[in-house]
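Please read the structure below before turning to the comments.
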Amino acid sequence: MYCSHCGTQVQGEAKFCPSCGKPLGPIPAPAAVTAPPRSRVQSHLQMLGVLWIAYGGLKLLGAGATLFAANFILPNVHLPMEARFVPALVTMVGWGLMIAAVVGLMAGWGLLQRAPWARLLALILAFLALFNVPFGTAIGVYTLWVLLPEESAREWEQTART
């Protein structure tokens, strides 16, 4: 055994160091320097919120382009009589994309604000986004991996309350 203060080797069961006189005992463990590990929800929630906002913004650009085409380009194109419904159809698709974009932006904002309703909304959107290859599939899988497990539900309830 060695003295924890001066490093002198001590023989037998001595209670004090023969060199410096300090009491001998177990060497104290160093204080923990790192913070306790964060849970899956806590460590991925900000990234998930930002991704949903970015995905909503991307859909918003698509909705704007679709509505622009439906209202400014298609009316100036000579369409046969059988295709006169195309501008109205493209307008409906544009408004559908607009609604999806706004809901995606709401989900991202709610996740960042830790709103109690945001987890459920993000999970619903994640299931729907799985069919939108490649970005929707990626964000859908990531959202389901972070928020779907049962322990994630418990963590979310604790996070949303505080």
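Give region 59-110 a look and list any residue that's among the aromatic types (Phe, Trp, Tyr), part of a helix (DSSP H, G or I) and loosely packed, with under 12 Cβ neighbours inside 10 Å, or say none.
The one that is among the aromatic types (Phe, Trp, Tyr), part of a helix (DSSP H, G or I) and loosely packed, with under 12 Cβ neighbours inside 10 Å: Phe72.
If you check Arg119 against the conditions, is it of a type in the set (D, E, K, R) and crowded, with 20+ Cβ neighbours inside 10 Å?
The answer is yes for Arg119.
In this structure, does Trp117 turn out to be out of contact with any Asp or Glu (no Cβ under 9 Å at 6 or more places or on another chain) and farther than 19 Å from Phe135 by Cα?
yes
Give region 120-148 a look and list any residue that's touching a Ser or Thr at 6+ places or on another chain (Cβ under 8 Å) and not in a loop (DSSP other than H, G, I, E, B), or say none.
Those that are touching a Ser or Thr at 6+ places or on another chain (Cβ under 8 Å) and not in a loop (DSSP other than H, G, I, E, B): Ala122, Leu123, Leu125, Ala126, Ala129, Val146.
When you check Ala115 against the structure, is it outside any helix (DSSP H, G or I), under 18 Å from Ile53 (Cβ atoms) and of a type in the set (A, V, I, L, M), yes or no?
Considered against the rule, which asks whether it is outside any helix (DSSP H, G or I), under 18 Å from Ile53 (Cβ atoms) and of a type in the set (A, V, I, L, M), Ala115 comes out as yes.
I'd like to check something: does region 20-34 contain any residue that is among the small types (Gly, Ala, Ser) and at pLDDT 90 or above?
no
Yes/no per residue for (1) without any contact (Cβ under 8 Å) to a residue 60 or more places away in the chain; (2) touching a Lys or Arg at 6+ places or on another chain (Cβ under 9 Å):
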position: Ala101; (1), (2): yes, yes
position: Trp109; (1), (2): no, no
position: Ala122; (1), (2): no, no
position: Ala138; (1), (2): yes, no
position: Ser152; (1), (2): no, yes
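Determine which member of the set Ile73, Ile99 is farther than 19 Å from Leu45 by Cβ and at pLDDT 95 or above.
Every option except Ile99 fails the conditions.
The values are calculated or read from the model by the stated rules, or taken from the named source; none is laboratory data. Computed from a predicted model, the values in this text were never measured in an experiment. All Cβ positions, even for glycine, are placed from backbone atoms using ideal geometry, and neighbour counts span all protein chains on display.
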